[in-house]
Amino acid sequence: MNLLTASDVYLHEADEFLSKGDVVQASEKYYKAAEEALKLIAVKLNITDILEKIKSKRR
């Protein structure tokens, strides 16, 4: 069983939008994929200052 992260899902959606020629939607999904990947890195490395900023912005 493969579990996907939020960034994996956004990346897949972005690729689909890009293949359909919807560059605006694709770029928004790529941005979200990068944002979610950075959140995972922050959690994994326990980077507390980034985690506090995420919590304060409720993202």
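In the range 7-31, of all residues being more than 15 Å from the chain's Cα centre (by Cα) and not acidic (Asp, Glu), the one that is surrounded by the most Cβ atoms within 10 Å (Cβ to Cβ) corresponds to 17.
Only one residue in 4, 38 is surrounded by fewer than 13 Cβ atoms within 10 Å (Cβ to Cβ) and either touching a Gly at 6+ places or on another chain (Cβ under 7 Å) or at pLDDT below 95 (or both), so which one is that? From the options 4, 38, the qualifying one is 4. If you go through the range 10-48 and keep only what is hydroxyl-bearing (Ser, Thr, Tyr) and touching a helix residue (DSSP H, G or I) at 6+ places or on another chain (Cβ under 7 Å), you end up with 10, 30. For residue 35, state whether it is over 15 Å from the mean Cα position of the chain (by Cα) and among the charged types (D, E, K, R). When the stated conditions are applied, residue 35 does not pass them.
The values are calculated or read from the model by the stated rules, or taken from the named source; none is laboratory data. Since the model is a prediction, treat every value here as computed from it, not as a measurement. Counting neighbours? That spans all protein chains shown, and the Cβs are built from the backbone with ideal geometry, glycine included.
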